[in-house]
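Working notes, beginning with the structure itself.
What follows is calculated from the coordinates using simple rules that are stated; it is not laboratory data. Since the structure is predicted, the reported quantities are computational estimates derived from the model, not experimental observations. A quick note on method: Cβ atoms are made from the backbone with ideal geometry, for glycine too, and the neighbour counts reach across all protein chains shown.
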């Protein structure tokens, strides 16, 4: 199953990406991190509102098989477009969230 990951680039080369910020209890962190598959890892993200939460980043080695989805604006929009292509219907794409820069 494909998973989303961000690659850090210079601000002039990046795209604003819609994302979700989730809260995770400290006692569940170790179990959560243990389940992150390679080539994903955790990194500090730089959000346009100035906050810096942890999020999924992709290792350079993972880019060989990766699909560039920046043009979709985010993971959920990409999944909706993919579902739309598979069914030939109209996908409903959410337009809310937080952007990363």
Given the rule -39500 (n - 2.57) for each run of at least 4 DSSP H residues, summed and divided by the residues of the chain, what is its mean residue ellipticity at 222 nm, to the nearest 500 deg cm²/dmol?
-5500 deg cm²/dmol
Which residue fluctuates most in the GNM of the chain (Cα springs below 10 Å): 37, 25, 53?
25
Length gain on complete extension for the stretch residue 27 to residue 52, per 0.36 nm per residue less the alpha carbon to alpha carbon distance?
6.9 nm
What residue among 66, 81, 30 has the largest mean-square fluctuation in a Gaussian network model of the chain, using Cα springs under 10 Å?
30
Residues of the stretch 27-59 with amide nitrogen under 16 Å from the 7 Å Cα-to-Cβ point of residue 13?
58-59
q = 0.13, 0.20, 0.23 Å⁻¹: log10 I(q)/I(0) that the Debye formula gives for the chain, counting C-alpha atoms only
-0.53, -1.17, -1.38
